[in-house]
Structure formats: structure tokens, C-alpha cells
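Visitor: For reference, the structure I am asking about is given below.
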Amino acid sequence: DDTGLSPCVAVGVWARRMGSTSRARVSLMLVLAVLRLGACSSPEDVGLEAAPRVPSEFGSALAAGSGRGWCLDGMNASGGACVSSVVDPLRLDRPRSLDWLLGATSHEAVSPRRDWRDGLGFVKKDLPLDDADVAALLGLDGTGFSAVSTRERRRAVVNSARHAWRGYREHAWPKDVLAPISKTGVEWLGVGLTIVDSLDTLLVMGLTDEADEARAWAASDALAFDADKNANVFESTIRVLGGLTGAHGLGGDTPNGDLLKKALDLAEKLTPAFKTRTGIPIMDVNFKTGDPHHPGWTTKSSLAEAGTLVLEWVALEAALAENENATVGRTLRDDGADSPRDADEDFGEPDHEAIQMEYGFCPQGGGLKEYPVAREHGVVDESCDAEDETTTETAEETAVSPSRRTARARSTLPALAGRGYVRDIADGARRAFAAVSGAMWETTHDGLVPSAVSFGTAAFDSTSALTLGARGDSFYEYLLKHWLHVGKPVGGEASYLRAMDGVLLYLLRRSGGDNNDPTNNVDGAGLSWGLTREPRNKNKPKQTSPSARARRRRWFEEPEGDDGDDAESGETTKDDASLCISQEKCETTDAAEGEAVEPIAPKKPKSSLGLLYVAERVGGVSGSLVHKMDHLVCFLPGVLALGHSEGLGQRWGGGDVGREGLAAKALTRLGFASDANHLDVAIELARTCVGMYASSPTGLAPEITHFPNSGLKEGGVGKDRVYKNGDGMLVKRKDAHNLLRPETVESLFVLWRVTGQNEWRDAGWAMWRAWELHARVRSGGYSGVDSVLDSGDSGADQRDPYTNGIKQRDANRIDKMESFWLSETLKYLFLLFTDDPLVVPLACFVFNTEAHPLPVLRRGVPDGRDCVEQVAREHVEELAKMQGVDR
């Protein structure tokens, strides 16, 4: 035509001039056909040199990238692959594929990390800031500090990790933990705890030299579990077993699988503790003798110790299954199928086969070893010579006991060559988890169980506290995380939702107003909702006193007009007869302050209600409230947000109409909309946790915070002296220490991933600054802070730990750097400031309670790499932009 354009461009121009949608579709098909058939002989035929001759409809698109050929549907005009920054003549903005991204980033300047599928990120890591740069950051005023970029924040956190590692490496290697003030190492388990616990943090941050050093030590004979030490099963599991298995799952193992071998070594040493009737482990095991025993101060296990093991043990079992030598021993089902453990099986009570393997001192002699216990027709054969690793079964033996050949397995990994192991090595941890989580459904527990439990009977000590703090916390965390880890089996989330409803109904409170009373307001019978309600015991005398009626009421239910007093933590408090749930205005008098209380609007929170917190109860759900909250409880906002991101907790009450009604009343009393979800509560609770930091003179949170309804008042002497820490919070001097704990930062990280709100990043950035100012030790490492109420300020220049001789206030320091500072706190801070969607994506990894990322399972084996690749496919455009190859 008279435009002088080549045929393919002319067709495109014609298509743009069409007036109807149908003709445009036809013209588009023609354009694609022409391009694919090669009608344009070369990229130059549609080159941008021809732009001046192109009608104005195309002008701006063509001017964008001189010298590039046009690109449609992944092909250029000559039929070759597209190059980056090409122009689509029809401006179709087609989604680009992962294959395109990998091709566009194939040259060195923009290439991704080679190990990106392991979950360590697509974008190459930045170098950490040097110490002088960190000092400059700390010298900024508030506005300047808040304006620091995310990238610089991330680099500053890596500097902190390198400083912590350097202090440990120079003064404590290879002891368990660093004492930074005295510059020495401290032993506990005798397993190089900081090395193992920190390895996956070093991998995630890209501190390659440090990670190589840690891996080499952990893979060597230096790491052995043979010391004459009483190892706590819980701590050894979450820190060491989790650390080794987590590093393996991130691709951080040696080619031979040495870290997985060490994890198996540890598991076999801990196995004697699980040889109980219930599977609930005895608390300690002596590494050298194999003797399981409780410490002298108790004969019971804690809820956390019983219910916070299943993630790590199942992850180990799955990693072994992934590398199992199928030619030696297959997992045979009853129907003869050859398949790994199914997710639904993995979540529930394990099957007990005819052969169980015992580990300990053989009844017939022979020392500490593993041996089979055959149960044939109810007869227990504890012959230590029944089978060993080299025994080959005869056909007759297999016919008599088919499960005998499936009880043990071998691995393809060179580090485990020739070694047999128990295939279902997580059996004990599963049994323990099933024992304690099953008790949540009993009527008298109503979703919350006491913090002490018998390992022999799984009976709970009703006098122990209902708490999400010390001795209970991580069990409630694992109710969600175990379900996520094994592939979200249908119905497996029910226990988690039941527990969270229990938290709402019995433990959540506000620091202001009188909405928290009375305290003993729930009867111990008939506490379940809906179909789970049990009939009242007709033989039980009926309670009719006003105080009895108050105890039968949940705290949020309609008052009956009585004015009974209820004891709470030794204090007498006012009944809740004055509370309103209607939208009509009501006015009452607070007994403590004598101020009018405004009605609670059901659709929005009222700031006059104060801070949201999680209290404790002593004596079960009908027991007395204790208005204190451990810092440990600050894991809960993150768990609630994580569950919400998986579609859980859109409404409180678990779908039961009666339960949802009770939950709606409770939410209204707390100042929420009646239809608030788990995320709404998570955000409010996280703000309380952040406030524990922001309100203190040091910017650091105390170990325990008390609230006004406890009856505590400012004043006193010695360790029991009470201080005010901001509005609505009180701190005892003996609880004012900060141990570098991670729980709040963990919740900030999850909330950032779920909501994308900068509020959480800014809060974490302020916390990092406070730790740098008050915990960093110049010679290396970080110390705990003895009192967050003592800032030590007598001049601004003294707060710079890098210059001008800061006064190292040893008297306000705790001479210990816990291994979780590197394993958890700094890792979560780094992840909080990480934008790369392929750095440990939450869809693909579940963090154990020590922040070790464990790959999610699909049909019983880790699915981490495939999952990360799927996440990459969903974020191609974002990754392209980060690599500089976006449109």
C-alpha cells in the first residue's frame, strides 16, 4: 500500500484501524499467522528504523526501544526467541513465562542465584553494611532513620548477623553459646549449638564463607552425640534436629548427605525418651548412657515439650523417605501398592505394626543398641538378636511377619551407606502430638489444655496454668503448622480452630475499662458448643448462688443482675453486670476509677478499651484469671495471620452457629466488629507486642508484662518493685530483662508477608536499632539486657556503641548470647526486609518454633523445590523487574 510498510506491519496497522471487536480479533489472528509463517524475513523488517513511516497510532510504542525487533507471543519476526525489552506492536501486555525469565536472565549481569529453587532467593544477595555505615545509621535523627531504604535495612541486619557470628567464632567456638562480656564459650548440650542453630540463617542471608565453615564443622566427626550430658528432648529437637534437617531442606547439606546423617544420629539417641505408653517423651536423655529421665524438679512433661516435636521428626522422616533406597526395602501397603505415607495418615494416630523397634539397653545384654520387639499373637519377643542391620529374611519369615521387611529402610545417600534405620522414625512424636491434641476436645478443656501432663497416662495436671506463654506456647503454634506441613489434610485444621476459639472465649482481654470482669465466670461443665455439648450430670448438686451463676457465665455473656465478687490472682474485682452489648447508650461506673464507661460500638474498636492481650488461667477454663502476658505469647499474631492467609479464621466459631454467636459476643465486648476475623485480632495483638518495645526507655520489651486488672500498683522494693511501662502496662523488676527473643519479630514478618503494610517493617526497624544500642558488644556478639527500664542515658553521645568510648554497662547486661538470636531473631528481621518472593516462601516452607524452615510435604516427601518453582511462575513480572529485565 502507500505506507511502504512490509506486509506484517501493514496487517498490524489495518488491525488497529478496525472499528469492531470481531474484526480486531480476526486481524490479530492474521498478524500472528503472518509472524509465525515468517512473512517478515528478519527483525529489521519491523525494526524501529521504520518508525517515522508508521502511522501515529503506533508512534509512542515504537519510540520506546530503538534497534529492537517487535515481539509477539514469545517470537520475533524472524521466528527466533524474543530478547529482553522488545516492543509488542499491539501493546497486548501478555503474561510472560518462567522459561522466558530464565532465558532473559541467562547472561551473567542479570543471572539469578544458581540455587534459587532451594528457597534461598532468585536475586543475588547484597553485601552487608560495614560497621561504620551501621554507626552512621544509628546517628540519624528519627526522620532520617525512618527513611532508610529497605535494601539498606536488610544489609544492616546482615551486618548484625556477621557481628554475632564473628563474636562466637572468635571467643566461643565450638562451645554451645557465647558469653560476650567475658569473651568465652558456655557448654550446655555439648553439640556446638550456635553452629547448628545458625547454619540455615547464614544460608538465607548469603553469608557464604560463614555458612561453609559451619557446614564443614557440623558434617565432621566433631559433631557427635556421645557426651555425658543430660539433653532435653524438646530443646535438642527444635534447635539441633530442626537445624540439621532445615539446612538439608534448603540445599545446604553436603553432596553425601552428612547433615541428614547427623540428624538421624541425634534422633536415634533421643528415641529412648519416647518409649512410653502414650508416646509423650520423658524430658531428658543422657547422650552417653541412653538413660531417659525427668529432672529432679518435676515428674511431668510440659505441654510444649509433648506437643512441639512432630514438625521436626516428620521432616526428618520425610527427608529420609525422599532418599530411600527403594531396591532394598519398599513401603508396602496392605493392597500391595508402593507409595509413601499419605498426608492424612501422617496427621493422625500412627498404625502400630507387628514389629516395633526399641532403642536402649538390650534386656538380654549387649549394651546400648536398637533392637526389634516382635509382637506375635500378643507375645512380646524382646530378643536382641532377632534382627540386625545385616540380617536377610527368609521367605518363611516374611510370610509370618510381612511388616518385618517394611520396618527398616536404607538410604541412597553416601553418608548413610550400609546403614539401616527405622522408616517410621517419627512415630513417637506423632503419638505424643495425638495424645495432647486429642485432649483439647474434652468438654472440660474446651480447646485449651493445662501446661503439665503425665507422660505415662497423658492426664493433665488441672492445677497447672492455661497459658500460651512458657511451657505451653509452641504446642498451639504446631496445631496450625503441623497441618500446613503435611499438606493440609481435610479436617486437620479443626484442632487449631478449636484452640483459637478457646483463646478468644477464655483468655483475650483488654487493659482498659471494666470489660474484663468477672474472673471466675465459667463453669467447668458443659463448656462445649453445638453438637459437642454434653448433658449435665444429674447427680451433681445444682448451684444456685449468685456467684455460682457468675461462674457459669462466660465473661462476655449477658449479666443476670447479680453483683457477686470474684477472686482473681488474690484480688477482689467487680462483677461485669455493668457491661453492654447493645448499641444503645448505657453508662456505668468503674469501681477503680469512678469514670463513666461508654457503650461499645460493635462495628469498630474503641481505643478506650486499651491494649488487647492474652491472659492466663489457673485451674482450667473455669479457673482464676492471671492478667499477665509473657513475651513468648507474641508468636500468636503471626500464627493467626498465617492461618488467615490459608483461608482459616474468616469467622470465629468454626462454622457452628451457636459457637459463632458466642464468638460474636466476645468480639463485641473486646471492641471488635461482631464479624471480625483472625487477622483483625492478630493486628491488634501485634500492636500490643510492639507497644511493649516502644513504651520502654530502651525500646526493648520485658520478659513479662502485667496489666492493670492484675491489681498491681506502681511501687515496692527489690525485685518485686512494679514500674509503669507506657499506658496500660506494668513491669516487675524481676521480669524486666530482655533475652533477644524472636516472637514479636516473627509476627511482624508474617504480618508483612500477609498484609504488605509498612507498619510492621517500621516497627521491626525500630527494634533493630534498640538492640544495636543496648545489646551489641564491641568485641563481638550481643548480650541480653538485664533491665529494659534502664536506658543508661546521661548523654546522647554515650549511646553510640561504635565511637567515642560508649560506657559498656556490664551491670545491665546478661552475659549470654542465646543461639536463637542468630537462628530466629536476626533471621526474621532479615526476612522482614526481604522483597524477593523466592526467599523461603511461606507457601513452600513451614518454620518450626526455632525458625528452621522445613519444606512442605506432598504425599509424604518434601515438595520444596517444586513449590518454589511454582511460586516463581506466579511472580515472573516481579522477578523480572528486580533483575532489571522488565518491560
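The values are calculated or read from the model by the stated rules, or taken from the named source; none is laboratory data. Treat the numbers as computed from the prediction; the structure is a model and nothing was measured. Backbone-built Cβ (ideal geometry, glycine too); neighbour counts: all protein chains shown. We work out accessible area using only protein heavy atoms, side chains counted, and drop any ligands, DNA or RNA first. Shrake-Rupley method; radii C 1.70, N 1.55, O 1.52, S 1.80 Å.
Visitor: Mind checking which residues of segment 435-453 are over 17 Å from Thr276 (Cβ atoms), in contact with a strand residue (DSSP E or B) (Cβ under 9 Å, 6 or more places away or on another chain) and of a type in the set (A, V, I, L, M)?
Guide: Within segment 435-453, Leu448, Val449 qualify.
Visitor: Does segment 717-729 hold any residues that are free of Cβ contacts under 8 Å to residues at least 12 places away in the same chain and part of a loop (DSSP other than H, G, I, E, B), and which are they?
Guide: Within segment 717-729, the subset free of Cβ contacts under 8 Å to residues at least 12 places away in the same chain is 717, 724.
Val717 - this is the single residue of segment 717-729 that is free of Cβ contacts under 8 Å to residues at least 12 places away in the same chain and part of a loop (DSSP other than H, G, I, E, B).
Visitor: For the subset of segment 852-883 comprising residues that are of a type in the set (Gly, Ala, Ser) and within 23 Å of Pro489 (Cα to Cα), which member is modelled with the lowest pLDDT? Steps first, please.
Guide: Initial filter on segment 852-883 (of a type in the set (Gly, Ala, Ser)): 860, 864, 872, 880.
Cutting the leftovers down to within 23 Å of Pro489 (Cα to Cα) gives us 860, 864.
Values: Gly860: 89, Gly864: 92.
Among residues in segment 852-883 that are of a type in the set (Gly, Ala, Ser) and within 23 Å of Pro489 (Cα to Cα), the one modelled with the lowest pLDDT is Gly860.
Visitor: May I pose another question? Residues Gly643, Gly699, Gly638, Gly691: which one is open to solvent by 10 Å² or more (accessible area, probe 1.4 Å) and in a helix (DSSP H, G or I)?
Guide: Numbers: Gly643 fails: open to solvent by 10 Å² or more (accessible area, probe 1.4 Å); Gly699 fails: in a helix (DSSP H, G or I); Gly638 fails: open to solvent by 10 Å² or more (accessible area, probe 1.4 Å).
Criteria check complete, one pass: Gly691.
Visitor: Which one of the conditions (1) over 20 Å from Arg419 (Cβ atoms); (2) open to solvent by 10 Å² or more (accessible area, probe 1.4 Å) does Asp258 fail to meet, given that it meets all the rest?
Guide: All conditions are met except number (1).
Visitor: A follow-up question, please. With respect to Arg776, determine if the residue is within 30 Å of Gly246 (Cα to Cα) and either at pLDDT 95 or above or of a type in the set (D, E, K, R) (or both). If you could, list the steps in order and put the result at the bottom.
Guide: Numbers: within 30 Å of Gly246 (Cα to Cα): yes; either at pLDDT 95 or above or of a type in the set (D, E, K, R) (or both): yes.
Criteria met by Arg776.
Visitor: Can I ask one more? So which of Leu189, Leu244, Leu178 is in contact (Cβ under 8 Å) with a residue 40 or more places away in the chain, closer than 15 Å to Phe820 by Cα and either open to solvent by 40 Å² or more (accessible area, probe 1.4 Å) or part of a loop (DSSP other than H, G, I, E, B) (or both)?
Guide: Numbers: Leu244 fails: either open to solvent by 40 Å² or more (accessible area, probe 1.4 Å) or part of a loop (DSSP other than H, G, I, E, B) (or both); Leu178 fails: either open to solvent by 40 Å² or more (accessible area, probe 1.4 Å) or part of a loop (DSSP other than H, G, I, E, B) (or both).
The unique qualifying residue is Leu189.
Visitor: Starting from segment 451-471, take each residue that is on the phi > 0 side of the Ramachandran plot and list its partners that are open to solvent by less than 30 Å² (accessible area, probe 1.4 Å) and part of a strand (DSSP E or B), counting only C-beta distances under 8 angstrom and pairs at least six apart or across chains.
Guide: Sorted first by the residue in segment 451-471, then by its partner, the pairs are Arg471/Ser302; Arg471/Ala452; Arg471/Ala465.
Visitor: For the condition open to solvent by 10 Å² or more (accessible area, probe 1.4 Å), over 28 Å from Gly715 (Cα atoms) and modelled with pLDDT of 95 or more, what is the one hit in Asp735, Asp762?
Guide: Details: Asp735 fails: over 28 Å from Gly715 (Cα atoms).
Just a single option satisfies the conditions, and that option is Asp762.
Visitor: Exactly one condition in (1) in contact with a strand residue (DSSP E or B) (Cβ under 9 Å, 6 or more places away or on another chain); (2) open to solvent by 20 Å² or more (accessible area, probe 1.4 Å) is not met by Arg151; state its number.
Guide: (1)
Visitor: Condition first: among the charged types (D, E, K, R) and either buried (at least 24 other Cβ atoms within 10 Å of the Cβ) or more than 23 Å from Lys827 (Cα to Cα) (or both). Now tell me which residues in segment 192-233 satisfy that. Step through it out loud before you land on a result.
Guide: Here is the first cut: in segment 192-233, the ones among the charged types (D, E, K, R) are 197, 200, 209-210, 212-213, 215, 221, 226, 228-229.
Within segment 192-233, Asp197, Asp200, Asp221, Asp226, Asp228, Lys229 meet the criteria.
Visitor: Before we move on, is Asn709 modelled with pLDDT under 95 and crowded, with 20+ Cβ neighbours inside 10 Å? Quick ask: steps written out before the conclusion?
Guide: On the way: modelled with pLDDT under 95: yes; crowded, with 20+ Cβ neighbours inside 10 Å: yes.
Judged against the criteria, Asn709 is a match.
Visitor: Before we move on, is Gly279 at pLDDT below 95, open to solvent by less than 30 Å² (accessible area, probe 1.4 Å) and at positive phi?
Guide: Values: at pLDDT below 95: yes; open to solvent by less than 30 Å² (accessible area, probe 1.4 Å): yes; at positive phi: yes.
Taking the combined requirement at face value, the residue satisfies it.
Visitor: Filter segment 731-749 for residues that are outside any helix (DSSP H, G or I) and of a type in the set (D, E, K, R) and give the result. Walk me through it before giving the result.
Guide: Quick first cut of segment 731-749, residues outside any helix (DSSP H, G or I) only: 731-732, 736-742.
Result: Lys732, Arg741.
Visitor: Follow-up. Starting from segment 617-628, take each residue that is open to solvent by 40 Å² or more (accessible area, probe 1.4 Å) and list its partners that are among the hydroxyl-bearing types (Ser, Thr, Tyr) and outside any loop (DSSP other than H, G, I, E, B), counting only C-beta distances under 6 angstrom and pairs at least six apart or across chains.
Guide: Val618/Ser624
Visitor: Another question about this same structure. Can you name the residue in segment 854-870 that is within 20 Å of Ile425 (Cα to Cα) and not in a loop (DSSP other than H, G, I, E, B) and, of all such residues, is most open to solvent (accessible area, probe 1.4 Å)?
Guide: Arg858
Quick grid of which residues meet (1) touching a Phe, Trp or Tyr at 6+ places or on another chain (Cβ under 9 Å); (2) closer than 27 Å to Ile814 by Cα; (3) of a type outside the set (Lys, Arg):
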position	(1), (2), (3)
Trp173	yes, yes, yes
Gly185	yes, yes, yes
Leu193	no, yes, yes
Ile238	no, yes, yes
Lys262	yes, no, no
Leu266	yes, no, yes
